[in-house]
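Here's the structure we're looking at; comments come further down.
The values are calculated or read from the model by the stated rules, or taken from the named source; none is laboratory data. Just so it is clear, the structure is predicted and the values come from calculations on it, not from any experiment. Because the Cβ atoms are built from the backbone with ideal geometry, glycine has one as well, and the counts that use them run over all protein chains shown. Just so you know, the surface numbers come from the protein's heavy atoms only, side chains and all, with ligands and any DNA or RNA stripped out. Shrake-Rupley method; radii C 1.70, N 1.55, O 1.52, S 1.80 Å.
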Amino acid sequence: MTNQNQGEAYAMNDSRIRHRALPLRRVTLTTTVVPVSAASAAAASAASAMSRAWAALAVLLVGVTSVLAPGPLQAQESAGDTATVLAPVAVTATRLTVEQNAPTITTTVISGAELRGKQITTLQDALQLVPGVLAARSGSYGGQTSLFVRGGQSDYVQVLVDGAPVNDPGGFLDIANIGIDNVDRIEVVRGPASVLYGANAVTGVVQIFTRDGRGPGRLTLGMSGGSYGARDGQIAVRGGSERASGSLSFAHHGSDGIYDFNNASREDAYSGALRLEPDDRSSIQLSLGRVDARSHIPTNGFGVPDDSNQFHDVTRSIGSIDAGRFLTRRLEARVLLTASDAHTRSADLPDTPEEECAFCYDARTGTYRAGADARLALYASRDLALTAGTVYERQRQHSSGSEARGRTLKAVYTQAAGNLGERASYGAGVRVDDNSAFGTFTTYRLSAGCRFGVATRVHASLGTAFKEPTVDQTSSTSPFVRGNPDLRPERTRSWELGVTQSLLSGSVVLSATYFNQRFRDVIQYDPMPPAEGDPNYVNVGAARANGAELEARAAFARIWDVTASYTRLATRVTDAGVDAGAGATYVQGERLLRRPSNLAHLGVGVRPSPRGAVHLDVGYVGNRVDIDFANFERVDADAYTTVDLSGELSLLTARDAPDPLALTLRVENLFDSSYQQIFGYRSPGRAVHLGVKMRLGL
């Protein structure tokens, strides 16, 4: 484990299918599925197959783009890479979507066009636009980045890429190197979602959808550079018809970092998707992605730069195949296969071959996941859709100095969604998981929405979720840490109530949501168990988190758009368990670490002409409780405000492309504020990035 990671580890123990033959009220199905994990043999073969699949995908994509791309322009992207397309249909919240008269689940959709218009290239910056979400990075670019949603732990959010899970078994995920360069949209569901996504979807789900390439063929080239030695570049191709389309992208991001030595970082990200719809009743989508990243780390465990050769490597491959066919006009069968292969290396090597380094280390970890989800969907009527499915998944993990360990999961689930008349909607689901490590666990979710008049909607939901123990927590046999095979999953029960009001014929939308969560059976590390040989991990902790999310969205004359959000969060430890003493993570009656009481965002965009747009984003993070690891004391981390400015200006126009050549600008931390996202680790000052984009028709 790197010194950089010690603080965090210590503190935080579509395919859109056309159903032309169906007499339904606009039903859209998706590739989103429960996470599936991997046995060693299945994962290893799947990972090696990814290299061959990449070559095949590239060849197929070139053919699709050149042969099937439609001639006339159907949806032209203009400055800022925005497109004239239909409003996105959120599918992550239910997986099975009958168009509901009133929303029942709190969901935020961030379009890829918006991210590209703001020159946002990291998942952290993208998620800062979502109410109730905080992504905190330890120091410079590439540093470990943790995700907190509605006050939950950093391992309480399930992250998916085209239906495939990215989290380690047990929920841990560093989101610093999750590529979003080729993204169609990001959907964020806030609230418990274990019914659909199994373990670790405790306080939310983040799903990244790769662009399917539908539309005219396009080749995009982009590059930018700027402060702190930043250098970024991308080459992407996409296109195809309604029957077949695809996208392929390579992006590089690099920086020299904010410190004077050993602080460079780089990320190479590859992603692609191929979509086929041979007839009106069948569809298949292949998605592949790979990230290769390295971060040099000059800081020790409490943020002091004192190391010249510490680094962290990540190599991650992920893929999915989603296929389905309507067996009848009302019955559809779908199956999704996923595989992922992640390898990390955290090392602090001797400065010279002769040096005796008492604290040097070279820790390597491999995680393999693969599995399948199969389901049947019955569209019983215009206002009722039923789904039932089964899941099989395996997980395998190995670390340097220990034997590889794995486990299996079997699950069944069912869900109903629909409408009651013209004003009310509902959803209900239940799932039973049977895990070889901790036995059987049942979760449920109930939701309802109601529309009053044309402009007012109210929704409510109640549900449970769980976080599985890590592999080490259940089966470690090292001399210093003994796992507990009797561990139970951490669990939560949550409810929320919200209202949405439209004004001025929908030009202004206001919403407010109150949420309440209780976390129980939290797993803690006991350094001194009652008797020799007793396990070091026990289910003893408990906490609560509740708060309110306020949102406002406004659009005027197709020139101005404004978004604003504010989250008020209250957290409390209700059972500190065995965690006590200096630097304790859980202190009875105190706030949870690193959760701000106040979180706010303001975004203003203006498009004075089709050739250009400017965006201003202001973020506020309130004070938090953190730990000063220099002396293991709890401290109050100061609140901070950041201002980002971005824009794009077309230099040329053409008949088939309004902006074949454009200049881009992004200024992060415009007023050069001095702040810390994690206590002890300073964040970058003002950073200016200038770039150029070229878009060519194929």
(message) When you check Tyr379 against the structure, is it closer than 30 Å to Ala424 by Cα, of a type in the set (Ser, Thr, Tyr) and surrounded by 15 or more Cβ atoms within 10 Å (Cβ to Cβ), yes or no?
(response) yes
(message) I'm checking my understanding of the structure. Among residues of the range 84-136 that are modelled with pLDDT of 80 or more and of a type in the set (Lys, Arg), which one is surrounded by the fewest Cβ atoms within 10 Å (Cβ to Cβ)?
(response) Arg116
(request) Sort out which residues of the range 577-612 are modelled with pLDDT of 95 or more and within 21 Å of Ala555 (Cβ to Cβ), and write them in order of number. (result) Ala600, His601, Leu602, Gly603, Val604, Gly605, Val606
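Considering only the range 336-364, state which residues are of a type in the set (Val, Ile, Thr) and open to solvent by less than 60 Å² (accessible area, probe 1.4 Å). Give the derivation first.
So in the range 336-364, the residues of a type in the set (Val, Ile, Thr) come out as 338, 344, 352.
If the condition is that a residue be of a type in the set (Val, Ile, Thr) and open to solvent by less than 60 Å² (accessible area, probe 1.4 Å), then Thr338, Thr344 are the ones that fit.
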(request) Considering only the range 413-450, state which residues are of a type in the set (Lys, Arg) and open to solvent by less than 60 Å² (accessible area, probe 1.4 Å). (result) Arg431, Arg445
(request) For Thr567, work out the one condition from (1) over 24 Å from the mean Cα position of the chain (by Cα); (2) modelled with pLDDT of 90 or more it doesn't fulfil. (result) (1)
(message) With surrounded by fewer than 18 Cβ atoms within 10 Å (Cβ to Cβ) and within 20 Å of Arg137 (Cα to Cα) as the only criterion, which of Val667, Val692, Val625, Val618 stands out?
(response) Val618
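Per-residue answers, yes or no, for (1) within 30 Å of Lys410 (Cα to Cα); (2) of a type outside the set (S, T, N, Q); (3) under 22 Å from the mean Cα position of the chain (by Cα):
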position	(1), (2), (3)
Val189	yes, yes, yes
Pro192	yes, yes, yes
Asn200	yes, no, yes
Val206	yes, yes, yes
Leu221	no, yes, no
Phe250	no, yes, yes
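Considering only residues of the range 478-512 that are among the charged types (D, E, K, R) and over 23 Å from the mean Cα position of the chain (by Cα), which is surrounded by the fewest Cβ atoms within 10 Å (Cβ to Cβ)?
Taking the range 478-512 first, the residues among the charged types (D, E, K, R) are 482, 486, 488, 490-491, 493, 496.
If we keep only those that are over 23 Å from the mean Cα position of the chain (by Cα) too, we end up with 482, 486, 488.
Values: Arg482: 16, Asp486: 12, Arg488: 17.
This residue is Asp486.
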(message) Taking the condition of being in a loop (DSSP other than H, G, I, E, B) and among the hydroxyl-bearing types (Ser, Thr, Tyr), how many residues in the range 307-359 meet it?
(response) 3
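Could you pull out the residue among Ser461, Ser447, Ser400, Ser381 that is within 30 Å of Gln310 (Cα to Cα) and among the polar types (S, T, N, Q)? Quick ask: steps written out before the conclusion?
Values: Ser461 fails: within 30 Å of Gln310 (Cα to Cα); Ser447 fails: within 30 Å of Gln310 (Cα to Cα); Ser381 fails: within 30 Å of Gln310 (Cα to Cα).
Ser400 is the lone residue from the list that is within 30 Å of Gln310 (Cα to Cα) and among the polar types (S, T, N, Q).
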(message) Tell me whether the range 105-120 contains one or more residues that are in contact with a His (Cβ under 8 Å, 6 or more places away or on another chain) and of a type in the set (Ser, Thr, Tyr).
(response) yes
(message) Looking only at residues that are open to solvent by less than 60 Å² (accessible area, probe 1.4 Å) and outside any strand (DSSP E or B) in the range 398-412, which one is nearest to Val432 (Cα to Cα)?
(response) Ala404
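Could you tell me which of the residues Glu648, Glu633 is of a type in the set (Asp, Glu) and touching a helix residue (DSSP H, G or I) at 6+ places or on another chain (Cβ under 7 Å)? Even if it seems obvious, please write down each step before you answer.
Values: Glu633 fails: touching a helix residue (DSSP H, G or I) at 6+ places or on another chain (Cβ under 7 Å).
Going through Glu648, Glu633 in turn, just one is of a type in the set (Asp, Glu) and touching a helix residue (DSSP H, G or I) at 6+ places or on another chain (Cβ under 7 Å): Glu648.
Return a yes/no flag: does the range 451-463 have any residue that is closer than 16 Å to Ala201 by Cα and either surrounded by fewer than 18 Cβ atoms within 10 Å (Cβ to Cβ) or out of contact with any Gly (no Cβ under 8 Å at 6 or more places or on another chain) (or both). Steps first, please.
Of all residues in the range 451-463, those closer than 16 Å to Ala201 by Cα come to 461-463.
From what's left, either surrounded by fewer than 18 Cβ atoms within 10 Å (Cβ to Cβ) or out of contact with any Gly (no Cβ under 8 Å at 6 or more places or on another chain) (or both): 462.
Within the range 451-463, one or more residues are closer than 16 Å to Ala201 by Cα and either surrounded by fewer than 18 Cβ atoms within 10 Å (Cβ to Cβ) or out of contact with any Gly (no Cβ under 8 Å at 6 or more places or on another chain) (or both).
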